[in-house]
1. For Ala69 and Gln54, calculate 0.36 nm times their separation in residues minus their Cα-Cα distance, and state this gained length in nm to one decimal.
2. Excluding residues on the same chain fewer than 8 positions from Lys2, give the aspartates and glutamates whose Cα lies under 17 Å from its Cα.
3. What shape does the chain have by the C-alpha gyration tensor, where a ≥ b ≥ c are the square roots of the eigenvalues, rounded means a/c under 1.5, and otherwise prolate means a/b greater than b/c and oblate the rest?
4. Cβ under 15 Å from Lys2's Cβ, Lys2 left aside: what net charge do those residues give with Lys, Arg +1 and Asp, Glu -1?
5. Kindly rank 53-61, 104-112 from highest to lowest mean number of other beta carbons found within 10 Å of each residue.
6. Which aspartates and glutamates does Lys156 reach when only Cα atoms under 17 Å apart count, and residues fewer than 8 places away in its own chain are ignored?
7. Where a ≥ b ≥ c are the square roots of the eigenvalues of the C-alpha gyration tensor, would you call the range 92-143 rounded, which needs a/c under 1.5, or, failing that, prolate if a/b is larger than b/c, or oblate?
Amino acid sequence: MKFNLEQSIDILSRTPDVLLALLKGLPDEWVMQHEGEGTWSPFDVVGHLIVCEQTNFIIRTKLILSDAADKTVSLIDMTAHLGANQGKGIFELLLEFEALRRNNILSLKNMQLTETDLGKTANHPTMGTIQLRELLSTWVSHDLIHIAQVARVMAKQYRESVGPFLHFLRVMQ
């Protein structure tokens, strides 16, 4: 499918609502569980999304659109969220994510991006040249992947409880 900015903004705008609906009010036993050592719980995923709102997609978009002599994007610390949210609850994280996303969507809309803008580039330290349309497509895919991750981690909490139905629930295998 060809990148469509309007549809992308529509999807990005929905992510906070999806996560709020899925996680708000759940006990810690649902939001703090993970799939094993080195994996993320739903709580961790929301924390990661917050870090991305603060350091990733909008920051990189602004760099790509800038007149900077060096348009090299910085790498994202994939563990920055771990430990950063000690003492916070899932609802607090969800509200923080929602506010950050709302501001970033507003920023994105205010950029009034053109087809020419979407073709502008920056340098990524490991991937080389990246286009703005690729970055924004990745933002949408990133959201959807993490929504699926949250659902998968939660589903696996009943892995032992589903009994023989496990055979039909591939996500749990």
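Bear in mind these aren't lab numbers, they're just calculated from the coordinates by the rules spelled out. What you are looking at is a predicted structure, and each value in this text was computed from that prediction instead of being measured. Quick reminder, even Gly has a Cβ in these numbers, built from the backbone with ideal geometry, and neighbours come from all protein chains shown.
1. Numbers: separation 15, 0.36 × 15 = 5.40 nm, distance 2.28 nm.
Extra length available between Ala69 and Gln54 comes to 3.1 nm.
2. Those aspartates and glutamates meeting the cut-off are Asp10, Glu115, Asp117, Glu134.
3. Values: a/c = 2.04, a/b = 1.87, b/c = 1.09.
Because a/c hits 1.5 or more and a/b exceeds b/c, the chain counts as prolate.
4. Numbers: positive: Arg133; negative: Glu6, Glu115, Glu134.
Here the count lands on -2.
5. Values: 53-61: 18.8, 104-112: 13.6.
My ranking of the peptides, most packed first, is 53-61, 104-112.
6. Lys156 reaches Asp28, Glu29, Glu35, Glu37, Asp44.
7. Values: a/c = 2.91, a/b = 1.54, b/c = 1.89.
Oblate shape, in that a/c is at least 1.5 and b/c is the bigger or equal ratio.
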